Amino acid sequence: MELAWADFSEKIWDSQNGANYHYEFNMILRGWDHFLGTGISPNPHGGVGFLEYRNLMSNYGRYSSKPELGRQLNSWNFNAFGSKNHGNGFERFFAVDYMDLHVLNPSCGIGLHRHRDNQEVFLMMDGQGFMVVGDWCKMPERERCFEIRTLQPGHFAMLKGGNLHALMNATDEQVSLFMFGGYD
């Protein structure tokens, strides 16, 4: 999204003198109602019956051109092998270094923080929470911005390295989620 800020008369412009600001809202949110594709697999892996599936993220088959699980490396990033000698290339995969189950009690939240290189996925299993994601500074190609989304059971949010993020349980019930990530 690009926009410029001015007063109502368009005579007083912001500090960029009318030049456009560039904002990107790039939290990947997927789940039962947001997915790449669906299908049914009869007798999955030699089993019985029918497995119904939803492709949430994928690097293979018809989704091989989607870069969502990969990342563009910058000079300050470590690659998946712990090296900064990577030539600022693109990693097409998402290495996982940890998997955790979390329970957030009522009115509990994970504070706003970031991981320099870490990509993380938050999968809401039970309850709902507010996920906040944003930039920690103005980037060369876009302005600093934040977005807030409601995570419900079956939704997940994927965060890229460097994103500021927080999660708040503003309900009276416990929230359970599955988290995994890598590179930090």
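The values are calculated or read from the model by the stated rules, or taken from the named source; none is laboratory data. Remember, it's a predicted structure, so these values are computed and weren't measured experimentally. Methodologically, a virtual Cβ is constructed for each residue, glycine included, from the backbone with ideal geometry; neighbour enumeration extends over all protein chains shown. Only protein heavy atoms, including side chains, enter the accessible area calculation; ligands, DNA and RNA are left aside. Shrake-Rupley method; radii C 1.70, N 1.55, O 1.52, S 1.80 Å.
What about Met168, is it modelled with pLDDT of 90 or more, buried (at least 16 other Cβ atoms within 10 Å of the Cβ), touching a Cys at 6+ places or on another chain (Cβ under 9 Å) and hydrophobic (A, V, I, L, M, F, W, C)? Here the answer is yes, as Met168 does meet what is asked. Scanning the stretch 25-75 for residues that are in contact (Cβ under 8 Å) with a residue 60 or more places away in the chain and hydrophobic (A, V, I, L, M, F, W, C) gives Phe25, Met27, Ile28, Leu29, Trp32, Leu56, Met57.
Scanning the stretch 35-56 finds one or more residues that are out of contact with any Pro (no Cβ under 9 Å at 6 or more places or on another chain), within 30 Å of Asp172 (Cα to Cα) and in a loop (DSSP other than H, G, I, E, B).
For Gly154, all conditions in the list (1) on the phi > 0 side of the Ramachandran plot; (2) under 11 Å from the mean Cα position of the chain (by Cα) hold save one; what is the number of the exception? The number of the failed condition is (2). Screening Tyr183 against (1) at pLDDT 85 or above; (2) within 25 Å of Glu24 (Cα to Cα); (3) of a type in the set (Phe, Trp, Tyr) leaves a single unmet condition, (1).
With the condition kept exactly as written, say whether any residue in the stretch 58-81 is in a strand (DSSP E or B) and within 18 Å of the chain's Cα centre (by Cα). I'd like the intermediate steps shown before the answer.
Start the filter on the stretch 58-81 by keeping residues that are in a strand (DSSP E or B), which leaves 71-72.
Within this subset, residues satisfying the condition of being within 18 Å of the chain's Cα centre (by Cα) are 71-72.
So far as the stretch 58-81 goes, yes, one or more of its residues are in a strand (DSSP E or B) and within 18 Å of the chain's Cα centre (by Cα).
Of the residues making up the stretch 1-59, those that are at pLDDT 75 or above, open to solvent by 100 Å² or more (accessible area, probe 1.4 Å) and of a type in the set (Phe, Trp, Tyr) are Phe8, Trp32, Phe50.
Restricting the first member to the stretch 157-184 and to residues that are farther than 20 Å from Phe78 by Cα, and the second to residues that are among the acidic types (Asp, Glu), the beta-carbon pairs closer than 6 Å and six or more apart or on different chains are Ser176/Asp126; Met179/Asp100. Residue check: Gly162 meets all listed conditions (1) open to solvent by less than 20 Å² (accessible area, probe 1.4 Å); (2) outside any strand (DSSP E or B); (3) under 17 Å from Val175 (Cβ atoms) but one, namely (3). Selection over the stretch 69-84 of residues that are open to solvent by less than 90 Å² (accessible area, probe 1.4 Å) and aromatic (Phe, Trp, Tyr) gives a count of 1.
Can you confirm whether Phe78 is on the phi < 0 side of the Ramachandran plot, among the aromatic types (Phe, Trp, Tyr) and free of Cβ contacts under 8 Å to residues at least 60 places away in the same chain? Answer is no for this residue.
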